[in-house]
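Here's the structure, in structure tokens; my notes come after.
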Amino acid sequence: MEELRKLEKVQRMVQFMDSRGVYVSNSDHNCNRFLANFMLFLLEPCGELAIDDKCCLISELIPRLSSPFVEDACQHIVTEQENSGN
């Protein structure tokens, strides 16, 4: 049931983004689902961090993100999980 609620929430966000013209027009649904999940992530509470602060942080970080960096981060997490036995 929880997974179904998550899917519904993502679908509502996709529809909201579509209604505001914020979507990837000529892509498969996975791109828009990714963006919807990202938007939902931004809306999650994180201490005292306001949405405006989150947006500023993301704006600062985006230029430094690259595929190799994200792949390194993924490998780092996998290695940590293996070392901790999880």
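Below, the figures for the structure above:
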read-out	value
When residues of region 35-48 are limited to those that are touching a helix residue (DSSP H, G or I) at 6+ places or on another chain (Cβ under 8 Å) and hydrophobic (A, V, I, L, M, F, W, C), the one nearest to Val14 (Cα to Cα)	Ala36
Region 18-33, residues that are under 14 Å from the mean Cα position of the chain (by Cα) and loosely packed, with under 10 Cβ neighbours inside 10 Å	Asn30
Breaking point among (1) closer than 26 Å to Leu7 by Cα; (2) at pLDDT below 95; (3) not small (Gly, Ala, Ser), for Arg64	(1)
Contacts under 8 angstrom Cβ, first residue in region 1-17 being closer than 9 Å to Ala36 by Cα, partner charged (D, E, K, R) and at pLDDT below 95, 6 or more apart	Val10/Arg33; Val14/Arg33
Residues that are exposed (fewer than 12 other Cβ atoms within 10 Å of the Cβ) and of a type in the set (A, V, I, L, M, F, W, C), drawn from region 58-86	Leu61, Ile62, Leu65, Phe69, Val70, Ala73, Cys74, Ile77, Val78
All positions within region 34-51 that are over 21 Å from Glu3 (Cα atoms) and under 13 Å from the mean Cα position of the chain (by Cα)	none
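The values are calculated or read from the model by the stated rules, or taken from the named source; none is laboratory data. Computed from a prediction, not measured in an experiment: that's the story for all the values here. Backbone-built Cβ (ideal geometry, glycine too); neighbour counts: all protein chains shown.
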